[in-house]
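The values are calculated or read from the model by the stated rules, or taken from the named source; none is laboratory data. Just so you know, these numbers come straight off a predicted model, no measurement behind them. Don't worry about glycine lacking a Cβ; one is built from the backbone with ideal geometry, like all the others, and counts go over all protein chains shown.
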Amino acid sequence: MTLDTTMLLTLTDSALEGGSALSAYAGQLATMPISGSRRGTTDGMGATIVVVGSSPHEQKAMEQRSAALCSTGDLLCRANLLTLAARENAQRLVSLLHMLGTNATLLDPVLYAPITRGHALEAEPRLLHAKRFEQAALRGGVLVIAGGVGRTPEGETTSLGTGGAELTGLFIAQRLGLSADLIVSERGTQSLAGEFTLPKRASLFARKHGVSFGVRSSIECESVVAGQPVPA
């Protein structure tokens, strides 16, 4: 089994600004002629991986919550709370897809999130269990994973920090040999000379590893920007 026919989409933070954004994206995914995604079919054509971030409003709420509930030095407590919105969004997207009759699987961060090193609140993704993604893709349909979430080698949750969803999408694309499409707010597709500005750490990773990407204002439309990232 290879991932040659697998599509990778990242719902970035800006794409989730509207309160009904996830519902809209679920509807778009449910009507797309994507590999094995309808009615539990597994036609051997691969799957669609969707990385889900959290909106700026959700991030701010989690920052406030972590400041209230976690001591300054308890980095793992803070990482758990800072990534909670993305993990809840991933679960919600799967539930919405199930309601629409679409085959969807939530990828547990304990098993699928990148293994990281460094500071727990700005962790650096280092390793990915590609075989687990290949096995999950055998089921076809939509595979949903929370963006910006990492884990230590011991299994503790870490946060990839600002721009974590983009970094997760680009990291998975690089490790699995997939093309990467970022879904952003419509105004986020505005650019000069076909260039798009990624968050700094995501841009540095893409430049270092030669990861190209496309940018769309919705799942259904074609990429309006493509190419190498421009440093933020």
query: Of all residues in region 189-198, how many are surrounded by fewer than 20 Cβ atoms within 10 Å (Cβ to Cβ) and either closer than 14 Å to Thr12 by Cβ or at pLDDT 90 or above (or both)?
result: 2
- line: Here the residues within region 80-99 that are over 30 Å from Thr31 (Cβ atoms) and either within 17 Å of the chain's Cα centre (by Cα) or free of Cβ contacts under 8 Å to residues at least 12 places away in the same chain (or both) are Asn80, Leu82
- request: Confirm whether Arg117 is at pLDDT below 95, farther than 26 Å from Glu17 by Cα and not polar (S, T, N, Q).
  value: no
- prompt: Would you pick out the residues in region 55-65 that are of a type outside the set (Asp, Glu), under 19 Å from the mean Cα position of the chain (by Cα) and either assigned to a helix (DSSP H, G or I) or modelled with pLDDT of 95 or more (or both)?
  reply: Pro56, His57, Gln59, Lys60, Met62
- prompt: Among Gly150, Gly161, Gly140, which is the only one that is crowded, with 20+ Cβ neighbours inside 10 Å, at pLDDT below 90 and farther than 23 Å from Ser217 by Cβ?
  reply: Gly140
Filtered residues of region 70-125 (kept if among the aliphatic types (A, V, I, L, M) and more than 23 Å from Leu170 (Cβ to Cβ)): Leu75, Leu76, Leu81, Leu96, Leu97, Met99, Leu100
message: Under 9 Å between Cβ atoms, which residue pairs at least 6 apart in sequence (or on different chains) link something in region 207-225 that is modelled with pLDDT of 90 or more and surrounded by fewer than 13 Cβ atoms within 10 Å (Cβ to Cβ) with a partner that is of a type outside the set (Phe, Trp, Tyr) and in a helix (DSSP H, G or I)?
response: His209/Leu170; His209/Gln174; Gly210/Gln174
message: Considering only region 11-33, I want to know if a residue exists there that is within 17 Å of Thr105 (Cβ to Cβ) and at pLDDT below 90.
response: yes
